[in-house]
Every structure is written in C-alpha cells, then in structure tokens.
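**Q** Have a look at the structure that comes next, please.
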Amino acid sequence: MLAKLKEHAAAMLLSALAALFVSILSEISREVGPLVLDTLSRSVSPTALLRLLSMCLLTMMIEMSFVIYLILKLKTKLKPRFGMLWDREKNPHCPACQSLLADLGNCAIGSIRFKCLKCNQGIMLVNDKGSIIELDKAKSLLA
C-alpha cells in the first residue's frame with residue numbers, strides 16, 4: 001500500500017512539474033516570441049517558419065494531452081460505503097480527511113476495526129443496516 005502511495009505521489013509531482021514547465025515556456029515565448037519571430041522572418045523562408053511553428057504547437061498539444069491524461073488517470077475517486085470511503089483498489093479511506101486507514105486486524109478494540117493515523121479517529125466497518133461486517137465481505141459487496 002505504501003508503494004502505491006509513493007507511485008501516486010511521484011506521478012502527481014511529475015504532472016505538476018510538467019504543468020510548471022509548460023507555463024514557464026509559455027511565459028518565455030510570450031515575452032521573447034515577437035523578437036525571435038522578427039529575426040527568423042528575415043532569415044528563414046515563410047514556409048519553413050510556418051512548418052517550425054506548427055511543429056512547436058503540435059508538440060505542445062501532445063505534452064498537454066499527456067499531462068491531462070496523467071491527472072485524470074491518477075485522480076483518486078473515493079466512493080462512500082460501509083461508513084468509510086473506498087478507492088478503485090478497494091482500500092478504505094477516512095471519511096473525515098480521506099487518508100488511507102490502518103487496519104487493526106486482530107488487534108481491533110471492540111468494534112473499531114480501522115484507525116486513521118492522520119486524525120486519530122477509530123472507524124467501524126458497518127453495512128447499510130448498521131451491523132458490523134467483516135472486511136472480506138465488505139470488499140466483495142463493493143461494485
């Protein structure tokens with residue numbers, strides 16, 4: 001589970017860096033672009049200049065598509081069920097702070113099965129009727 005968290009954090013960092021790079025590049029091109037285009041238009045034919053510009057725009061569109069794809073793919077969508085939130089891999093998350101829950105397993109205190117290490121909240125695993133259920137049963141009922 002820690003490996004998934006590290007992978008998710010690395011992917012989010014990568015997408016943030018890509019967005020930062022694109023924004024810096026666009027700011028530079030906005031300031032320097034007119035000077036470069038003026039110099040290039042004097043020394044390069046208009047056809048070659050148009051091809052260069054279209055290749056740059058195509059490259060930027062591909063990069064932005066990749067960043068958007070990464071953001072949408074890695075965005076965690078949590079669904080509420082059984083008194084907590086669940087991700088796509090059926091991992092339980094805290095309903096208050098949305099962080100991953102620690103499974104107390106055999107060390108469960110009374111009916112408290114999970115504990116949020118971030119907000120220190122104990123959480124019971126209950127079905128829609130309010131009865132306590134097992135983790136395997138809850139995971140099998142998730143659709």
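The values are calculated or read from the model by the stated rules, or taken from the named source; none is laboratory data. Everything numeric in this text was worked out from a predicted model, so none of it was measured. Glycine gets a Cβ as well: all are built from the backbone with ideal geometry, and neighbour counts include every protein chain shown.
**Q** Being over 29 Å from Leu17 (Cα atoms), at pLDDT below 85 and surrounded by fewer than 14 Cβ atoms within 10 Å (Cβ to Cβ) narrows it down to one of Cys119, Cys107, so name that one.
**A** Details: Cys119 fails: at pLDDT below 85.
Unique residue meeting the criteria: Cys107.
**Q** Right, next: Whether any residue in segment 21-44 is assigned to a helix (DSSP H, G or I), outside the structural domain of Cys116 (by TED's automatic domain parsing), free of Cβ contacts under 8 Å to residues at least 12 places away in the same chain and under 30 Å from Leu125 (Cβ atoms) is what I want to check.
**A** no
**Q** Could you go through segment 122-130 and let me know if any residue there is surrounded by 13 or more Cβ atoms within 10 Å (Cβ to Cβ) and under 27 Å from Ala18 (Cβ atoms). If you could, list the steps in order and put the result at the bottom.
**A** Start the filter on segment 122-130 by keeping residues that are surrounded by 13 or more Cβ atoms within 10 Å (Cβ to Cβ), which leaves 122-127.
Now narrow it down to the ones that are under 27 Å from Ala18 (Cβ atoms): none.
Among the residues of segment 122-130, not one is surrounded by 13 or more Cβ atoms within 10 Å (Cβ to Cβ) and under 27 Å from Ala18 (Cβ atoms), which makes the answer no.
**Q** Name the residue that is nearest to Leu100 (Cα to Cα), counting only residues in segment 45-76 that are without any contact (Cβ under 8 Å) to a residue 12 or more places away in the chain and not in a helix (DSSP H, G or I).
**A** For segment 45-76, the residue satisfying everything is Lys75.
**Q** With (1) modelled with pLDDT of 80 or more; (2) surrounded by 10 or more Cβ atoms within 10 Å (Cβ to Cβ); (3) of a type outside the set (D, E, K, R) as the list, and Ser43 as the residue in question, which single condition is left unmet?
**A** Exception for Ser43: condition (2).
**Q** Now, a different point. Quick check on this structure: which one of Leu78, Leu85, Leu53, Leu25 is under 30 Å from Glu134 (Cα atoms), surrounded by 10 or more Cβ atoms within 10 Å (Cβ to Cβ), modelled with pLDDT of 80 or more and over 16 Å from the mean Cα position of the chain (by Cα)?
**A** Just a single option satisfies the conditions, and that option is Leu85.
**Q** If we scan segment 77-95, do we find a residue that is in a helix (DSSP H, G or I) and out of contact with any Cys (no Cβ under 6 Å at 6 or more places or on another chain)?
**A** no
**Q** Just give me the residues in segment 131-141 being in contact (Cβ under 8 Å) with a residue 12 or more places away in the chain and exposed (fewer than 11 other Cβ atoms within 10 Å of the Cβ), in sequence order.
**A** none
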